[in-house]
1. Hey, among the residues in the range 101-141 that are within 29 Å of residue 201 (Cβ to Cβ) and touching a strand residue (DSSP E or B) at 6+ places or on another chain (Cβ under 6 Å), which one's surrounded by the fewest Cβ atoms within 10 Å (Cβ to Cβ)?
2. Name the pairs: first residue in the range 264-289 and assigned to a helix (DSSP H, G or I), second residue polar (S, T, N, Q), Cβ to Cβ under 7 Å, at least 6 apart or on different chains?
3. May I ask you to list the residues in the range 67-86 that are buried (at least 19 other Cβ atoms within 10 Å of the Cβ) and either farther than 17 Å from residue 257 by Cβ or among the small types (Gly, Ala, Ser) (or both)?
4. Which numbered condition trips up residue 98, out of (1) hydrophobic (A, V, I, L, M, F, W, C); (2) modelled with pLDDT of 95 or more; (3) touching a strand residue (DSSP E or B) at 6+ places or on another chain (Cβ under 9 Å)?
5. For the range 235-247, state whether one or more residues are under 28 Å from residue 7 (Cα atoms), assigned to a loop (DSSP other than H, G, I, E, B) and at pLDDT 90 or above.
6. Hey, could you check the range 257-294 for residues that are under 20 Å from residue 200 (Cβ atoms), in contact with a Lys or Arg (Cβ under 8 Å, 6 or more places away or on another chain) and hydrophobic (A, V, I, L, M, F, W, C) and say which is modelled with the highest pLDDT?
7. The conditions are (1) assigned to a loop (DSSP other than H, G, I, E, B); (2) under 28 Å from residue 81 (Cα atoms); (3) touching a strand residue (DSSP E or B) at 6+ places or on another chain (Cβ under 9 Å), and residue 21 fails exactly one of them. Which is it?
Amino acid sequence: MGTSWSARIVAPPEGIALKIQAELDRVVAEMSHWAPDSALSHFNRSEPGRWQPLPIGFAQVLAAALDVAEKSGGAFDPAMGALVDLWGFGPPGPRTGLPGDSEVAAACALSGRSHIELDGRRARRDAPVRLDFSGIAKGHGVDRVAEMLRSMALPDFLVEVGGELRGEGIRPDGQPWWVDFESLPSSAPASFRVALHGLSVATSGDYRRSFAHEGRDYAHTLDPRTGRPLENGVASVTVLHPVCMLADAWATALSVLGREGIALAAREGLAAHMVVREGPAFVEHLSPALQAML
């Protein structure tokens, strides 16, 4: 996944790190768009119109991604691999200039969840669109490790993959797993400290990855509806959810939606925190579920 992982486990058995790595390796083997032999890469090369059998984890992630895509009105979309590659965030590597309007239009034509059909453990595409699980796979990896630990009768742990976390049980001192919301690298509002007791947290921020062109930074988060990087002033979105995969996907979707994302978070009962740039200042927005939790 191009990132690191860590785990804090109460009374961990010998060899647990190797087991965690093996579980995450299985996630990569299923849904990495960087690995040419992954199940996702095989699906992206499949013949349009032909049903493809999917690993169970792959099918679960695709189902969740399509659900968030539907509920967010397309602000999250797992079938935008062509756009991710076009803007220099995919396996082909970074680009030196901006794509032209015709290139963006062509990539948009080769993107979109409407071209993907899922039927249980199989899926097909009706056009040569490419899946990209960058906005959801890390969270799924956290969930996979968490469920593996629970199956080993290890109920107390904090698991992290690339900054997405899930905490279960308590620490040896009886305290829950306290974590801080990720702070922006500038004069933004102070962070919150939350207890991950059966909860996950994921953050999407425009400062994490970007590229510069003619003195301007372009965020790595793309709006699937326009095919272009975000320009809505959202600096950061953090979502708390029992399932890390969903926290991960919703953090991306709400980032794309901007201020209207808080209204959607309210309708979906999501605990969300958004920081928006307004000139030189930052303005915070908290969903009702997060306000109640705090």
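1. Applying the filter and picking the extreme gives 116.
2. Correct list of pairs: 264/72; 265/287; 266/287.
3. Filtering the range 67-86 for residues buried (at least 19 other Cβ atoms within 10 Å of the Cβ) gives 68-69, 72, 75-86.
Of everything in the range 67-86, those that are buried (at least 19 other Cβ atoms within 10 Å of the Cβ) and either farther than 17 Å from residue 257 by Cβ or among the small types (Gly, Ala, Ser) (or both) turn out to be 69, 72, 75, 79, 81, 82, 83, 84, 85, 86.
4. (2)
5. Going residue by residue through the range 235-247, those that are under 28 Å from residue 7 (Cα atoms) are 235-247.
Then drop every residue that is not assigned to a loop (DSSP other than H, G, I, E, B), which leaves 242-243.
With the extra rule that they be at pLDDT 90 or above, the set shrinks to 242-243.
The answer is yes; a qualifying residue exists.
6. Among those residues, the one meeting the criterion is 264.
7. (1)
Residues checked against (1) over 19 Å from the mean Cα position of the chain (by Cα); (2) more than 28 Å from residue 179 (Cα to Cα); (3) loosely packed, with under 13 Cβ neighbours inside 10 Å:
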site: 6; (1), (2), (3): no, no, yes
site: 10; (1), (2), (3): yes, no, no
site: 18; (1), (2), (3): yes, no, yes
site: 25; (1), (2), (3): no, no, yes
site: 33; (1), (2), (3): no, yes, no
site: 40; (1), (2), (3): no, yes, no
site: 43; (1), (2), (3): yes, yes, no
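The values are calculated or read from the model by the stated rules, or taken from the named source; none is laboratory data. Quick caveat, the model's predicted, so the values are computed rather than measured. Reconstructed Cβ throughout: ideal geometry from the backbone, glycine too, with neighbour counts over all protein chains shown.
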